[in-house]
1. So, R0 is 25 Å and r is the distance between the beta-carbons of Ala190 and Thr101; what FRET efficiency does that work out to, to 0.05?
2. Within the chain, what's the longest run with no trypsin sites (Lys or Arg not before Pro) in a DSSP loop and at most 16 other beta-carbon atoms within 10 Å? Give the range, please.
3. Using Cα centres only, tell me the gap between segment 145-208 and segment 217-248 in whole Å.
4. Can you compute the label reach from Val256? Point 7 Å from Cα along the Cβ direction, backbone N cut-off under 15 Å, restricted to segment 76-110.
5. Just add up the charged neighbours of Val249: K/R +1, D/E -1, any other residue whose Cβ is under 15 Å from the Cβ of Val249.
6. Restricting to Cα pairs below 8 Å that are 6+ residues apart, what does the relative contact order work out to for segment 65-270? Please round to a whole percent.
7. Assign one of three labels to the chain, namely rounded, prolate or oblate, based on the Cα gyration tensor with a ≥ b ≥ c the square roots of its eigenvalues; rounded applies when a/c is under 1.5, prolate when it is not and a/b is larger than b/c, and oblate otherwise.
8. What does the extension gain come out to for Thr228 and Ala46, with contour length at 0.36 nm per residue minus their alpha carbon separation?
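Coordinate-derived values only; no laboratory data. All of these numbers come straight from a predicted model, not from anything done at the bench. Every residue, glycine as well, gets a Cβ built from its backbone with ideal geometry; the counts of neighbours run over all protein chains shown.
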Amino acid sequence: MTAVTTSTAVPATAAGEPPQVRRRRRLSPGRRLPAARLIGPLAFLALWAAASAAGSLDPAAIPAPWTVLRTGGHLWTDGTLSTDVLTSLKRAGYGFAIGLTAGVLLALASGLSRTGEALIDGTVQLNRAVPTLGLIPLFILWLGIGETFKVAIIAIVVYVPIYLNTHAALSGIDSRYVELAEVQGLSRLAFVRQVVIPGALPGFFVGLRLGVTGSWLGLVVLEQINATSGLGYLMFQAQNYGQTDVILVGLLIYGVFGLVSDSVVRLIERRVLSWRRTLSS
């Protein structure tokens with residue numbers, strides 16, 4: 001009787017080859033340190049400094065970084081810069097708080113009710129189509145040239161992206177979760193807490209980042225209109241006197257504020273949405 005031998009495939013690990021670890025694809029750096037985001041700005045500053053030292057830049061048009069830092073130090077020492085920074089922070093903070101509250105409340109009212117969506121969504125879309133800065137003359141006539149109209153414009157700039165992204169996230173909640181909540185007999189409050197809020201948070205944080213950036217973009221324009229203090233006013237006065245270094249001081253501070261606020265929002269988002277597995281986690 002002839003013995004029949006059968007050949008079987010030997011796994012790679014059994015053949016003595018080291019096991020291959022499958023790495024998950026990622027589209028972003030994931031959980032790297034937030035300090036890694038400073039590489040780009042620092043590289044830009046290094047290039048700026050190198051070009052200034054080599055004489056490739058006109059000092060009258062683009063002063064060297066050390067000139068800008070020296071000017072900023074003088075402005076801070078005499079109290080001008082600290083006062084303007086505090087004024088700008090107050091304006092941006094008040095406008096952002098109002099816009100954040102309005103955007104979230106309107107998104108919830110529109111996303112959880114068909115009647116609310118019929119009344120709110122079309123109005124917000126109409127507001128979105130109208131350039132916000134184009135409302136400045138009308139708001140000046142309504143609210144005067146004081147702080148109120150500036151805060152109101154910033155609030156509008158902030159609430160629109162927060163509303164749009166939060167509303168889109170609410171509309172994109174999987175209907176299976178809604179059906180499961182109905183089967184479980186969840187109350188309205190429990191449904192909002194366990195289904196609506198977790199489903200809306202990713203879109204909310206996207207809108208929050210856009211809103212934070214929008215508050216600074218609106219502020220830099222508003223503070224050059226009928227203002228007596230603030231970073232925008234400082235830059236406007238520097239323009240009249242041809243002080244390019246002062247203008248760059250204001251721009252750099254705006255940039256630092258924007259980068260820091262966006263980083264804070266991203267850090268909060270990472271902590272709050274730690275349960276969510278994404279391509280970047």
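1. Numbers: r = 24 Å, r/R0 = 0.95.
Computed FRET efficiency for Ala190 and Thr101: 0.60.
2. Numbers: sites that count: Arg22, Arg23, Arg24, Arg25, Arg26, Arg31, Arg32, Arg276, Arg277.
Segment 33-275 is the longest.
3. 35 Å
4. 76-89
5. Details: positive: Arg70; negative: Asp78, Asp84, Glu223, Asp245.
That sum, taken over residues with Cβ under 15 Å, equals -3.
6. Working: 223 pairs, mean separation 57.1, N = 206.
Relative contact order comes out at 28 percent.
7. Oblate, since a/c reaches 1.5 and b/c is not below a/b.
8. Values: separation 182, 0.36 × 182 = 65.52 nm, distance 3.45 nm.
Additional length available on full extension: 62.1 nm.
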